[in-house]
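Student: I have a structure here, written as C-alpha coordinates, and I will follow up with some questions on it.
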Amino acid sequence: MNPLNPNFMKSLYIVAALIFIAVASVAQTRVVQGVLTAYNKYPVANIEVSAKKSKATTLSDSLGNFSIVCKEKDQIKIKPETFKTVSRKIDKHTADTLRINLVFMDSKKNRDIAIGYGYMKKEDLTFAAEHMQQENNEYCSYTNIYELLKGKFPGVTVDGSAGSYRVFVRGSQSINSSDEVLFVLDGSAGASIDGLHPCNIKSISVIKDGMTAIYGTRGANGVILIDTKRGD
(Lines give C-alpha, C1' and ligand atoms only; values in the text may rest on other atoms or scores of the structure.)
Protein backbone atom coordinates (compact mmCIF):
# COMPACT_ATOMS: atom_id res chain seq x y z
CA MET A 1 0.00 0.00 0.00
CA ASN A 2 1.25 3.46 -0.87
CA PRO A 3 2.02 5.17 2.45
CA LEU A 4 0.76 8.46 0.99
CA ASN A 5 -2.58 6.96 0.00
CA PRO A 6 -5.37 9.21 1.38
CA ASN A 7 -7.26 6.23 2.80
CA PHE A 8 -4.13 5.02 4.56
CA MET A 9 -3.48 8.45 6.05
CA LYS A 10 -7.11 8.73 7.17
CA SER A 11 -6.86 5.37 8.94
CA LEU A 12 -3.62 6.45 10.55
CA TYR A 13 -5.22 9.62 11.91
CA ILE A 14 -8.15 7.64 13.30
CA VAL A 15 -5.84 5.20 15.09
CA ALA A 16 -3.78 8.07 16.49
CA ALA A 17 -6.93 9.81 17.73
CA LEU A 18 -8.17 6.65 19.44
CA ILE A 19 -4.81 6.17 21.14
CA PHE A 20 -4.86 9.79 22.32
CA ILE A 21 -8.37 9.42 23.73
CA ALA A 22 -7.42 6.21 25.53
CA VAL A 23 -4.31 7.79 27.05
CA ALA A 24 -6.25 10.90 28.10
CA SER A 25 -8.93 8.75 29.70
CA VAL A 26 -6.36 6.83 31.74
CA ALA A 27 -4.69 10.08 32.78
CA GLN A 28 -7.99 11.34 34.20
CA THR A 29 -8.40 8.38 36.54
CA ARG A 30 -6.72 7.57 39.83
CA VAL A 31 -6.77 4.77 42.35
CA VAL A 32 -8.06 5.84 45.74
CA GLN A 33 -7.34 3.61 48.70
CA GLY A 34 -9.00 3.76 52.07
CA VAL A 35 -9.82 2.02 55.30
CA LEU A 36 -13.25 1.78 56.93
CA THR A 37 -13.51 1.76 60.70
CA ALA A 38 -16.25 1.98 63.32
CA TYR A 39 -15.91 3.74 66.66
CA ASN A 40 -12.67 5.15 65.28
CA LYS A 41 -10.94 1.84 65.98
CA TYR A 42 -12.46 -1.37 64.65
CA PRO A 43 -12.22 -2.41 60.97
CA VAL A 44 -15.48 -2.79 59.05
CA ALA A 45 -15.52 -5.57 56.43
CA ASN A 46 -17.75 -6.50 53.48
CA ILE A 47 -18.96 -2.93 52.90
CA GLU A 48 -19.62 -1.84 49.31
CA VAL A 49 -17.84 1.30 48.13
CA SER A 50 -18.91 2.84 44.81
CA ALA A 51 -17.63 5.68 42.61
CA LYS A 52 -20.28 7.81 40.92
CA LYS A 53 -18.46 8.80 37.71
CA SER A 54 -16.24 5.77 37.10
CA LYS A 55 -19.09 3.38 38.02
CA ALA A 56 -16.55 1.23 39.87
CA THR A 57 -17.54 -0.77 42.95
CA THR A 58 -15.56 -2.73 45.49
CA LEU A 59 -15.85 -4.31 48.94
CA SER A 60 -13.79 -3.60 52.04
CA ASP A 61 -11.68 -6.54 53.20
CA SER A 62 -11.37 -8.06 56.67
CA LEU A 63 -9.13 -5.17 57.76
CA GLY A 64 -11.51 -2.56 56.39
CA ASN A 65 -9.23 -1.75 53.46
CA PHE A 66 -10.53 -0.92 49.99
CA SER A 67 -9.16 0.29 46.66
CA ILE A 68 -11.25 1.87 43.91
CA VAL A 69 -10.67 3.58 40.55
CA CYS A 70 -12.08 7.11 40.42
CA LYS A 71 -12.35 9.68 37.66
CA GLU A 72 -11.48 13.36 37.94
CA LYS A 73 -13.89 15.17 40.30
CA ASP A 74 -15.53 11.88 41.21
CA GLN A 75 -17.52 11.03 44.31
CA ILE A 76 -17.38 7.84 46.32
CA LYS A 77 -20.39 6.65 48.28
CA ILE A 78 -20.66 4.15 51.11
CA LYS A 79 -24.20 3.11 51.95
CA PRO A 80 -24.13 0.15 54.35
CA GLU A 81 -27.31 -1.17 55.90
CA THR A 82 -26.52 -0.54 59.56
CA PHE A 83 -24.32 2.56 59.29
CA LYS A 84 -25.02 6.11 58.18
CA THR A 85 -24.38 6.84 54.50
CA VAL A 86 -21.06 8.51 53.76
CA SER A 87 -19.98 10.30 50.58
CA ARG A 88 -16.64 11.85 49.71
CA LYS A 89 -15.74 14.15 46.84
CA ILE A 90 -12.55 13.16 45.07
CA ASP A 91 -10.45 16.01 43.68
CA LYS A 92 -6.80 16.97 43.29
CA HIS A 93 -6.52 17.74 47.00
CA THR A 94 -7.87 14.36 48.12
CA ALA A 95 -5.28 12.13 49.76
CA ASP A 96 -4.48 8.85 48.03
CA THR A 97 -5.48 7.03 51.22
CA LEU A 98 -8.70 7.87 53.06
CA ARG A 99 -9.58 6.89 56.60
CA ILE A 100 -13.36 6.85 57.01
CA ASN A 101 -15.05 6.23 60.33
CA LEU A 102 -18.59 4.90 59.85
CA VAL A 103 -21.33 5.89 62.29
CA PHE A 104 -23.18 2.82 63.57
CA MET A 105 -26.96 3.17 64.03
CA ASP A 106 -27.22 1.18 67.22
CA SER A 107 -30.17 -1.13 67.81
CA LYS A 108 -30.55 -4.83 68.57
CA LYS A 109 -31.64 -5.49 64.98
CA ASN A 110 -28.68 -3.61 63.51
CA ARG A 111 -26.24 -5.38 65.82
CA ASP A 112 -27.58 -8.73 64.61
CA ILE A 113 -27.31 -7.64 60.96
CA ALA A 114 -23.80 -6.23 61.34
CA ILE A 115 -22.57 -9.39 63.04
CA GLY A 116 -24.43 -11.69 60.64
CA TYR A 117 -23.08 -9.96 57.53
CA GLY A 118 -19.57 -9.99 58.96
CA TYR A 119 -19.24 -6.21 59.12
CA MET A 120 -17.76 -6.40 62.61
CA LYS A 121 -16.79 -9.04 65.14
CA LYS A 122 -19.43 -9.63 67.80
CA GLU A 123 -17.12 -8.91 70.72
CA ASP A 124 -15.86 -5.67 69.14
CA LEU A 125 -19.31 -4.34 68.31
CA THR A 126 -20.79 -5.27 71.69
CA PHE A 127 -18.00 -3.57 73.61
CA ALA A 128 -17.90 -0.48 71.40
CA ALA A 129 -21.66 0.07 71.42
CA GLU A 130 -21.71 -0.04 75.21
CA HIS A 131 -18.49 1.81 76.06
CA MET A 132 -17.32 3.93 73.08
CA GLN A 133 -20.28 6.07 72.03
CA GLN A 134 -18.12 9.20 72.10
CA GLU A 135 -16.26 7.81 69.07
CA ASN A 136 -19.49 7.05 67.21
CA ASN A 137 -20.17 10.44 65.62
CA GLU A 138 -20.32 11.84 62.10
CA TYR A 139 -17.29 14.09 62.54
CA CYS A 140 -15.11 11.04 63.17
CA SER A 141 -15.74 9.91 59.60
CA TYR A 142 -13.35 12.63 58.34
CA THR A 143 -9.57 12.35 58.31
CA ASN A 144 -8.88 15.95 59.39
CA ILE A 145 -10.67 19.19 60.23
CA TYR A 146 -10.17 20.69 56.76
CA GLU A 147 -11.64 17.65 55.03
CA LEU A 148 -14.59 17.88 57.43
CA LEU A 149 -15.23 21.56 56.65
CA LYS A 150 -14.98 20.98 52.91
CA GLY A 151 -17.15 17.88 52.91
CA LYS A 152 -19.90 18.81 55.37
CA PHE A 153 -20.42 22.54 54.83
CA PRO A 154 -21.26 23.44 51.19
CA GLY A 155 -20.70 27.17 51.79
CA VAL A 156 -17.12 26.65 52.97
CA THR A 157 -14.19 26.56 50.54
CA VAL A 158 -10.82 25.06 51.50
CA ASP A 159 -7.77 25.85 49.37
CA GLY A 160 -4.16 24.75 49.64
CA SER A 161 -2.57 21.61 51.01
CA ALA A 162 -1.31 20.21 54.31
CA GLY A 163 0.46 22.89 56.30
CA SER A 164 -0.90 25.80 54.25
CA TYR A 165 -4.70 25.50 54.16
CA ARG A 166 -6.85 28.61 53.66
CA VAL A 167 -10.56 28.61 54.49
CA PHE A 168 -13.23 30.91 53.06
CA VAL A 169 -16.98 31.31 53.57
CA ARG A 170 -18.94 31.80 50.37
CA GLY A 171 -20.95 35.02 50.21
CA SER A 172 -18.99 36.92 52.84
CA GLN A 173 -17.94 40.48 52.08
CA SER A 174 -14.21 41.07 52.38
CA ILE A 175 -13.01 44.45 53.65
CA ASN A 176 -9.56 43.29 54.73
CA SER A 177 -6.46 42.39 52.77
CA SER A 178 -7.13 38.80 53.78
CA ASP A 179 -10.53 37.32 53.08
CA GLU A 180 -10.05 34.18 55.17
CA VAL A 181 -12.60 33.12 57.74
CA LEU A 182 -12.16 33.76 61.47
CA PHE A 183 -12.07 30.63 63.63
CA VAL A 184 -13.43 30.74 67.17
CA LEU A 185 -12.31 27.62 69.02
CA ASP A 186 -13.96 27.01 72.40
CA GLY A 187 -14.62 30.76 72.66
CA SER A 188 -11.10 31.81 71.65
CA ALA A 189 -11.20 34.02 68.54
CA GLY A 190 -8.34 33.62 66.09
CA ALA A 191 -7.31 30.23 67.44
CA SER A 192 -5.52 27.77 65.17
CA ILE A 193 -7.36 24.61 64.19
CA ASP A 194 -4.29 22.82 62.83
CA GLY A 195 -4.01 19.44 64.51
CA LEU A 196 -7.61 19.46 65.74
CA HIS A 197 -8.96 15.94 65.31
CA PRO A 198 -12.57 15.65 64.07
CA CYS A 199 -13.40 13.11 66.78
CA ASN A 200 -12.71 15.75 69.44
CA ILE A 201 -15.29 18.15 68.00
CA LYS A 202 -18.66 18.59 69.68
CA SER A 203 -20.25 21.08 67.28
CA ILE A 204 -19.50 23.41 64.35
CA SER A 205 -21.45 26.50 63.27
CA VAL A 206 -20.80 28.70 60.23
CA ILE A 207 -22.01 32.30 60.51
CA LYS A 208 -21.71 35.31 58.22
CA ASP A 209 -23.09 38.76 57.40
CA GLY A 210 -24.69 40.69 60.30
CA MET A 211 -24.38 37.82 62.74
CA THR A 212 -20.59 38.29 62.82
CA ALA A 213 -20.73 41.91 64.07
CA ILE A 214 -19.73 40.85 67.58
CA TYR A 215 -16.28 39.95 66.22
CA GLY A 216 -15.71 43.34 64.56
CA THR A 217 -13.74 43.63 61.35
CA ARG A 218 -12.08 40.26 62.00
CA GLY A 219 -15.43 38.57 61.44
CA ALA A 220 -16.27 40.43 58.22
CA ASN A 221 -15.27 37.43 56.11
CA GLY A 222 -17.34 34.93 58.04
CA VAL A 223 -16.85 33.10 61.33
CA ILE A 224 -16.67 29.40 62.07
CA LEU A 225 -17.47 28.48 65.65
CA ILE A 226 -16.03 25.19 66.87
CA ASP A 227 -16.78 23.69 70.27
CA THR A 228 -14.72 20.71 71.33
CA LYS A 229 -15.30 18.05 73.94
CA ARG A 230 -12.32 19.47 75.83
CA GLY A 231 -14.18 22.77 76.15
CA ASP A 232 -17.05 21.24 78.14
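Student: Consider residue 161 carefully, then state whether it is in a loop (DSSP other than H, G, I, E, B), within 15 Å of residue 222 (Cβ to Cβ), at pLDDT below 85 and small (Gly, Ala, Ser).
Tutor: Criteria not met by residue 161.
Student: When region 42-71 is examined, which residues are found to be in a strand (DSSP E or B), of a type in the set (S, T, N, Q) and more than 17 Å from residue 101 (Cβ to Cβ)? Step through it out loud before you land on a result.
Tutor: Step one: filter region 42-71 for residues in a strand (DSSP E or B), giving 42-43, 48-51, 57-59, 65-71.
From the residues that got through so far, the ones that are of a type in the set (S, T, N, Q) too are 50, 57-58, 65, 67.
Within region 42-71, 50, 57, 58, 67 meet the criteria.
Student: In the list 161, 141, 203, 188, which residue meets the criterion of being in contact (Cβ under 8 Å) with a residue 24 or more places away in the chain, surrounded by fewer than 13 Cβ atoms within 10 Å (Cβ to Cβ) and under 18 Å from residue 229 (Cβ atoms)?
Tutor: Going through 161, 141, 203, 188 in turn, just one is in contact (Cβ under 8 Å) with a residue 24 or more places away in the chain, surrounded by fewer than 13 Cβ atoms within 10 Å (Cβ to Cβ) and under 18 Å from residue 229 (Cβ atoms): 203.
Student: Report the residue count in region 94-123 for those that are assigned to a loop (DSSP other than H, G, I, E, B) and free of Cβ contacts under 8 Å to residues at least 24 places away in the same chain.
Tutor: Adding up the residues that qualify gives 2.
Student: Would you check which residues across region 72-81 are without any contact (Cβ under 8 Å) to a residue 40 or more places away in the chain, within 17 Å of residue 96 (Cα to Cα) and in a loop (DSSP other than H, G, I, E, B) and list them?
Tutor: The answer is 73, and nothing else.
Student: Out of 122, 79, report the one residue that is under 23 Å from residue 33 (Cα atoms), surrounded by fewer than 20 Cβ atoms within 10 Å (Cβ to Cβ) and not acidic (Asp, Glu).
Tutor: Unique residue meeting the criteria: 79.
The values are calculated or read from the model by the stated rules, or taken from the named source; none is laboratory data. For clarity, every value in this text was computed on a predicted model and none was experimentally measured. Cβ: placed from backbone, ideal geometry, glycine included. Neighbour counts: every protein chain shown.
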